[in-house]
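Data first, discussion second: the structure below is written as structure tokens.
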Ligand code: PRX
């Protein structure tokens, strides 16, 4: 190993893990040399109604992109997550729910979950929801969110979860794009002691969503919310009289399971579409091997079900494996910054999977809030969502894990469905800051800007050469956009949008996005979305948004704003614009810095030179590069002179 900091696999981890390094090498080699044979075998880890005889049918050719796995098999995803466990683990806890308030929690067994899903599925069918219909889920982190997902899967409806932090406008856009027939929501969410007005936001969104016929509302806080007659139904009333058994729809492996909107470098968020068979095989297998999950362990992923991490690694992967998965409603610093570790001790959590931004925020408060808890149940730690800087890695490892627990730094995307590059706890020596090596069947390739494949230790754009079963299948309603976004930049490969370095040991170090997407606290944000929110304000004539390094969030949002002639650049207007963006998109899109820009650096053909804006935002004025092609080079000096400190 070449790097200074290498953490070898602990001996006991290697001895007891599902996969040790020898097995990893063997299985990986086979998965690349014979993907059909490999996945044909591993596809059997889930239950099929009609077994598949075909394993893979994939083309990355831009004229004919199609991705199919196990495509003559049929199954039901909810039956795989519930029914098949009833005999062996009906009384085992499926979901531990930890409320926002530390005194509120619940345990739901597999049998209980099966019954709740059955009742809701029947209620949905009674309201006319059928196979293929889209259902929007706009929920807080309560067990009913998982119940709603599984009820959709059971009756063959396609769920589209919208994160509870999104605004009514963002919600409406997503509902319209996929023409949802139903919304499942709650009166209010509760985070850090504060209410989130989910039903009020839903009502506002639905003013422009005629496709929605029914709304099911979970009572969470008891807030007084108006209910529209004929359209709105309380969850309890709708499900109360329903039978617990709900026949599971027989789905083709390639029937859609869900749509999840994510930001790209241009245009509106796109509906990433995942299907049933391959997705479940891949999420279940990665959950078992990457977290080395063993029967009976308590597994906690701190993500929200509104993001892909929540889909794959709170609900589908763990439940397909019969795991006990913890669902947390709250936030890391409420009521105190010991909360995560108190929850770990309270529920004896063995595997803890979180985001670097949370670790960096908690690091600020020092070791005491961690050290006063035991954490002895912890065995494996995980990180996801953005590059983890070595300092945060070391703190996570030494302070949280007491130097005992391997960290799996898992690199993946909404599009990939599951983890693609990550250590396996019993197989991979760790290097802080590196996502290390590819999972089975994953073939990473580093290319230069011309698309030439680079060999050995190198740096460039990260592509993936072969398909894996969890890969997204299309952009909902816009297959051409799918092809354009992922398969035309570098021919023959899936392009991830990330840059990376590969070291002498073949380890991957993700360096961040190479497109106009920024990663704010592990949340993906298209700069174009924030720009269009800003220019929708009547006083703004133009806006350019870039990312800049931020101590806690990883990247912050830096907006250059040109006002309409005659408008004054005041502090008040600055605040108003931040508030405006929060209302247009949601709090996660709030600009951290707004700089007034009477002029923006543009080429003579009118294209904004973002490279220069990024450098100014980074406070890096020494390497602005060639500015001679600008229509008016003096705007650059003006921006530098007026950069807010
Ligand atoms: O830039 C990479 C970063 O997050 C992007 C994907 O974001 P999203 O689709 O929202 O999914 C997040 C959860 C899977 C990637 O293109 N990213 C994710 N995980 C890592 C990461 N960057 C570095 N290291 C990671 N472990």
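The values are calculated or read from the model by the stated rules, or taken from the named source; none is laboratory data. What you see is a predicted model; the values in this text were computed from it and never measured. No Cβ is skipped: glycine too gets one built from the backbone with ideal geometry, and neighbour counts run over all protein chains shown.
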Name every residue in the stretch 515-547 that is away from the ligand (no atom under 16 Å from the Cβ), buried (at least 20 other Cβ atoms within 10 Å of the Cβ) and in a strand (DSSP E or B), in order of residue number.
-> 540, 543, 544, 545
Are there any pairs, at least 6 apart or on different chains, whose C-beta atoms fall under 9 Å, with the first in the stretch 412-437 and under 13 Å from residue 510 (Cβ atoms) and at pLDDT below 95 and the second more than 9 Å from the ligand (Cβ to nearest atom) and in a loop (DSSP other than H, G, I, E, B), and if so, which?
-> none
Those residues of the stretch 568-588 which are surrounded by 14 or more Cβ atoms within 10 Å (Cβ to Cβ) and free of Cβ contacts under 8 Å to residues at least 60 places away in the same chain, in sequence order = 569, 573, 574, 577, 578, 580, 581
Residue 579 away from the ligand (no atom under 16 Å from the Cβ), within 27 Å of residue 638 (Cα to Cα) and assigned to a helix (DSSP H, G or I) | yes
Of the conditions (1) free of Cβ contacts under 8 Å to residues at least 40 places away in the same chain; (2) over 19 Å from the mean Cα position of the chain (by Cα), residue 171 clears all except one; give me its number.
-> (2)
Apart from one, (1) surrounded by fewer than 24 Cβ atoms within 10 Å (Cβ to Cβ); (2) under 17 Å from residue 644 (Cβ atoms); (3) more than 16 Å from the ligand (Cβ to nearest atom) all hold for residue 556; the odd one out is (3)
Restricting attention to the stretch 491-511, which residues are over 19 Å from the mean Cα position of the chain (by Cα), within 16 Å of the ligand (Cβ to nearest atom) and surrounded by fewer than 21 Cβ atoms within 10 Å (Cβ to Cβ)?
-> 501, 503, 509
Counting only residues that are in contact with a strand residue (DSSP E or B) (Cβ under 7 Å, 6 or more places away or on another chain) and within 8 Å of the ligand (Cβ to nearest atom), the stretch 405-418 contains a total of 6
Test result for residue 383, within 12 Å of the ligand (Cβ to nearest atom) and farther than 24 Å from residue 525 by Cβ = no
